[in-house]
Amino acid sequence: MKKDKDDITVCFSLRLPRSIMLQAQEFKNHSRSRVSLNDLFIKSISNYLSPAAADQRELAIARRLDYIDRRQEKLNRMLEEYSQALARFIQTYLTTTQEVPPDQQAAAQTMGNRRWKRFMDLIVEDLGYGKSFFTSLPDKTFTDHDFTTISKVKDRPAADTELEQET
């Protein structure tokens, strides 16, 4: 059998970290076909340098980038939903609440601070447990009937009675 120039073996000294050498020996000991460490390293290096390996690495990178892109799109959708919900809440709040009379503003400020602190405590608690308001909502299509209570809130007497009860 005639050998090509490519088949000539070259002696090469290589320094490896101990952890890699131990992994190679572990692989050698547990492989079904008994391979020498030399054959293991030759195969590993040739696989790493082959054009097919470069294509596999490129495909793996493309898959990872595609995954990151999909996650980014999902995050953008969620951010848009959160922004839309916040805007809707602010709009509803501003159209349904009445102005506080000047003589009750101090009590309203105190009550508002107390409610804000309670709200922030709930947010911190939910985030601590990994809960999300939007993921806990059932998959439901809301109708106008679901929001009829908003019109009832408009018809309610001013917030004076609430202020008196909480102060």
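Laboratory data are not the source of any read-out in this text; all were calculated from the coordinates shown. Just so you know, these numbers come straight off a predicted model, no measurement behind them. Please note: Cβ atoms are built from the backbone with ideal geometry, for glycine as well, and neighbour counts cover all protein chains shown.
Sort 113-126, 8-21 by packing, meaning the average of other beta carbons within 10 Å per residue, with the highest value first.
113-126, 8-21
If R0 is 25 Å, what FRET efficiency do you get for ALA108 and ARG77 from their C-beta distance, rounded to 0.05? Working shown, then result.
Details: r = 37 Å, r/R0 = 1.48.
According to the calculation, E is roughly 0.10.
What distance in nm separates the two pseudo spin-label positions at THR143 and ASN38, each 7 Å out from Cα along the beta-carbon direction?
Result: 8.1 nm between the two label points.
Once you have the Cα-Cα distance between SER13 and GLU58, take 0.36 nm times their residue separation minus that, and quote the gain in nm to one decimal. Intermediate values should be presented prior to the final figure.
Details: separation 45, 0.36 × 45 = 16.20 nm, distance 3.01 nm.
My answer for the length gained is 13.2 nm.
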